[in-house]
Amino acid sequence: MAPAKIVIIGGGFAGVECARALERRLRPEEAFVQLVSPDAGLLYLPLLPQVASGALNPRSVSVPLRRVLRRTEVVPGMAVGVEPGTRRVVVRRTSGYETALEYDQLVLAPGSITRIMDVPGLQEHGFGMKTLAEAMYLRDHVLRQLDVAALRGGLDEDRERLNFVTIGAGYAGTETAAVLNKVCRAAAGRFFPEVEAGMVRWHLVTHGDRIMPELGEKLGAEAKRILAERGIELITGASAAEVTANGVKLTNGRFIPSRTVLWTAGVAPSPLAAHLGAETEKGRIIARTDLSVPGLPGVWAMGDAAAVPDMADGQDRVCAPTAQHAMRQGRHLAKNLIATLHGAQPEPYRHPDLGMVVDLGGRDALARPLGIGLRGVPAQFVARGYHLMALRTIVARARVAFDWTVHGLGGDDFLRIGYGDHKVHTIGGFEQSGCYLPADEVPRVVKALAEPE
Ligand SMILES: Cc1cc2nc3c(=O)[nH]c(=O)nc-3n(C[C@H](O)[C@H](O)[C@H](O)COP(=O)(O)OP(=O)(O)OC[C@H]3O[C@@H](n4cnc5c(N)ncnc54)[C@H](O)[C@@H]3O)c2cc1C
């Protein structure tokens, strides 16, 4: 029998874990696996704030797909349309031309994108924190504000440059604000004598009254205390109403002059979900407990892009969009694919939440492994140990451990590498959300691609 054709869309946590497990458990003559991804590496997103802070080098947090996958064919590009009828995926390759991949089993794991609300000016002036390029750009941009403020010394302009605003107090926003505030305060005075630490103001804006609600009440309160001690102003019950080149107007009417508005107020599922004809819940593809997609035979969905019932939670909810679920769903789906190929029944996905870890920079960390609240050095130990274990190769673990050691001993050099100095990289410039084919276009493109030239 010809090997089954399995196409995986997305080279993130879920997609790569699935491909790795298939490689380990299936013989080459049983299945031919292709993984479509616009990125060359598996990006370890939870460590992105540490790239922005300079504690980690960008290369350390992205594991090359071609190193981590041995037998899977990596197809560089974006899946821009799916035609379930003929079982074809249209891929716009990185080189620009389109091609159609045939599948017997299709795995959808395209993750999420930054959730942009209808806030005027956000696309043009707000920064995101979802890609390696954005993390590197943000660090450079923040250091550039200190540099320029130190040179110019104009009062109003300085206030704009030295005010930083983060909208969204989940783990991405809180960690990034905490570590970059630390960088600014350490740099002010010492490296930029004209800028006093007190002139730097970070603001963390959240629509609720808690930060990182997943931490629970006690640790959440502890996080608030740490931020307040570091001079970060927490603004609750508000969001952005309008972002301009010179600041942000909040929904409570307050205007904060700033040239740095970081938007981390949630993620939205990949727009691919809406182009499939599958049912969605808040944009996520509705999947059954075994991760198959109802109404689309041979199609499976997982990770941030999928609404998978959380069977361990017992409260009729879907799994949270976390790396923890994405990785485990990836491995589970590989088992279910193998069961399907072998004529057995797929099994439901069930995974109890193992807790979370938060690194606020320095010795300030918080962790809730298996419901046990930890803070300070023990939490830092658990957080770093968890990240090292979760990284996918020994080389990546060694790189991250080495970076932490050098940064711990030598501190930050506050080096601005000039990345994007002459071009502004706001959210609108990073997202590829406009690349998808309208659903009714896909059959025409598939047909055209099938015809000989
Ligand atoms: C800054 C930050 C910090 C975070 N910290 C934590 C944390 O501490 N703990 C935690 O559990 N979670 C954390 N998360 C969330 C976690 O990273 C996500 O839940 C996880 O990455 C989801 O995995 P995924 O495989 O579904 O998607 P992703 O990891 O996002 O991967 C999706 C992949 O699909 C690719 N793709 C997208 N569209 C297409 C397409 N059309 N065709 C082909 N490929 C496509 C993308 O380029 C990407 O490579 C954090 C997220 C961010 C942004």
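The values are calculated or read from the model by the stated rules, or taken from the named source; none is laboratory data. For clarity, every value in this text was computed on a predicted model and none was experimentally measured. Positions of Cβ are backbone-derived with ideal geometry, glycine not excepted, and every protein chain shown enters the neighbour counts. The area values use the complete protein model at the heavy-atom level, side chains included, leaving out ligands, DNA and RNA. Shrake-Rupley method; radii C 1.70, N 1.55, O 1.52, S 1.80 Å.
Below, the figures for the structure above:
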item: Ranking by accessible area, most exposed first, for Lys130, Lys5 with a 1.4 Å probe; result: Lys5, Lys130
item: When each of Lys130/Lys182; Lys218/Lys335; Lys130/Lys335; Lys282/Lys447 is checked by Cα-Cα distance, pairs over 27 Å; result: Lys218/Lys335; Lys130/Lys335; Lys282/Lys447
item: Probe 1.4 Å, accessible area per residue of the chain, Å²; result: 45
item: Acute angle (nearest 10 degrees) that the helix 394-410 long axis makes with the longest principal axis of the chain, alpha-carbon atoms; result: 0
item: C-alpha center-to-center spacing [region 364-399, region 250-270] in angstrom; result: 29
item: Accessible heavy-atom area order of Asp353, Asp412, highest first, probe of 1.4 Å; result: Asp353, Asp412
item: Accessible surface ranking that places the most exposed of Tyr386, Tyr436, Tyr349 first, with a 1.4 angstrom probe; result: Tyr386, Tyr436, Tyr349
item: Accessible surface of the chain [probe 1.4 Å, protein heavy atoms]: carbon and sulfur percent; result: 54
item: Solvent accessible area, Å² - Lys224, 1.4 Å probe, full protein context; result: 80
item: Summed residue charge, Cβ within 10 Å of Leu333's Cβ, Lys/Arg positive, Asp/Glu negative; result: +1
item: Cα gyration tensor category, rounded, prolate or oblate, for region 217-376 with a/c compared to 1.5; result: oblate
item: Relative contact order of the chain, pairs being alpha-carbon contacts under 8 Å that are 6 or more residues apart, as %; result: 20
